[in-house]
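The values are calculated or read from the model by the stated rules, or taken from the named source; none is laboratory data. Since the model is a prediction, treat every value here as computed from it, not as a measurement. Cβ placement follows ideal geometry from the backbone for every residue including glycine, while neighbour counts extend to all protein chains displayed. Note: areas computed on protein heavy atoms with side chains; ligands, DNA, RNA excluded. Shrake-Rupley method; radii C 1.70, N 1.55, O 1.52, S 1.80 Å.
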Amino acid sequence: MPAALTARAPVALVLSGLRALASGLLAWLLIQALLFALVQSAPGGPAAALAGDYATRETQAAVSRSFALDRPVAEQFVSFVARMAQGDWGISYHFRRPVFGLIAERLVPTLLLMLGALSIAVVAGRALGLWAAAHERGGAAVAAATSAVYALPVFWVGQLLMLGPGLELRWFPVSGLSDPRQAAGGIAAALDIAWHAVLPVATLALQQTAFFLTVAHAKARLELGQAYVRAARARGIPERAILWGHVARNVSPQLATAALNRVGMLFTGAVLVETLFAWPGLGRLLSSAILNRDHPVLLGVFGLIVAVVIASSVAADIVQARLDPRIEPRHQPRP
């Protein structure tokens with residue numbers, strides 16, 4: 001590689017990173033502004049949520065002046081973003097606590113649920129997709145089953161698991177993060193949390209497994225028709241080694257990208273799953289905020305979700321380019 005290109009590579013990488021950061025921040029501001037306007041225009045408004053539905057107009061007006069809710073929406077949004085940048089995400093109307101602390105508490109259970117489901121889905125989907133690509137008859141059956149599973153609503157799958165292995169067979173608990181009678185720390189407490197997480201994680205992972213199976217199957221079928229596969233067969237390399245060595249390695253970048261791009265979908269599924277299984281995460285906090293018209297919590301959770309989705313989209317390009325040098329990230333200019 002020429003020395004000039006080598007010297008310019010770090011500079012280009014830094015510039016592309018700054019451009020990606022600036023575009024991501026702009027996208028977050030635009031989406032957050034839209035969400036802020038929608039929340040402010042909801043029936044009742046923040047003043048009614050604070051003062052109560054049966055408060056008089058004079059009381060609601062006094063509350064609006066006290067919390068600066070009578071200012072123009074644009075001015076309120078600028079003040080809201082400035083406070084968020086300083087770590088002040090507001091006070092929850094319902095819980096009467098700082099929103100940042102509430103979200104921090106609920107983030108760990110949600111990450112446990114999402115990362116567990118995502119890990120299972122990627123591993124199982126990759127293995128089943130590769131197997132289906134190598135077996136035409138079995139692959140057709142797997143593809144049909146995948147389409148059926150992917151069409152099932154998450155809440156319906158969760159209810160089936162709750163009624164079957166949960167309530168009928170009593171194999172797993174159906175609500176909560178842990179047994180309140182269990183000690184707060186130690187291995188026993190960790191095992192208890194894992195036991196409570198089985199059904200929620202399985203509910204969220206089932207549909208995601210079908211998605212990753214489809215991605216792995218399609219990519220593996222393409223790879224099996226490539227010249228390097230024919231050359232490996234000509235050299236007498238066993239079919240199993242070709243599939244689980246060469247082909248599997250080339251399927252991984254697309255799966256990594258797909259996994260990062262599924263973060264937003266996982267958050268959506270987590271809202272339903274956490275509500276169904278009384279899982280104390282961000283999804284349940286968000287549903288509670290919607291029911292109670294807790295606008296600061298709504299904006300805080302939505303802002304975090306949008307930031308994670310944007311960051312994961314940028315990270316998907318970087319990871320795919322890192323795992324597959326043939327692919328150039330969208331945010332990185334050519335030298």
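Averaged per residue, the range 77-124 has 54 square angstrom of accessible surface, using a 1.4 angstrom probe with ligands and nucleic acids left out. Straightening the chain between residue 152 and residue 169 buys 3.9 nm, computed as 0.36 nm per residue apart minus the Cα-Cα spacing. Short-range pairs are left out: with C-alpha atoms under 8 Å and at least six residues apart, the relative contact order of the range 183-301 is 21 percent. Projecting label points 7 angstrom from Cα along Cα→Cβ for residue 40 and residue 194 puts them 4.9 nm apart.
Couplings for the range 136-144, taken from phi via the Karplus curve 6.51 cos²θ - 1.76 cosθ + 1.60 with θ = phi - 60°, read 5, 5, x, x, 5, 5, 5, 5, 5 Hz in order; Gly and Pro are left as x. Computed with every protein chain present, the accessible area of residue 294 is close to 0 Å² [probe 1.4 Å]. Backbone phi angles across the range 224-239, fed through the Karplus curve with coefficients 6.51, -1.76 and 1.60 (θ = phi - 60°), yield HN-Hα couplings of 5, x, 7, 5, 5, 6, 5, 5, 5, 5, 5, 7, x, 5, x, 4 Hz in residue order; Gly and Pro are listed as x.
Across the range 159-168, computed HN-Hα scalar couplings (Karplus, 6.51 cos²θ - 1.76 cosθ + 1.60, θ = phi - 60°) run 5, 4, 5, 5, 6, x, x, x, 7, 6 Hz from first to last residue, x flagging Gly and Pro.
Taking amide H positions as modeled 1.01 Å from N, with prolines and chain starts lacking one, the residues under 5 Å from residue 92 and 5 or more places away or on another chain are 97, 99. Put a dot 7 Å past each Cα toward the Cβ at residue 144 and residue 74; how far apart are the dots in nm? Calculated label separation equals 6.0 nm.
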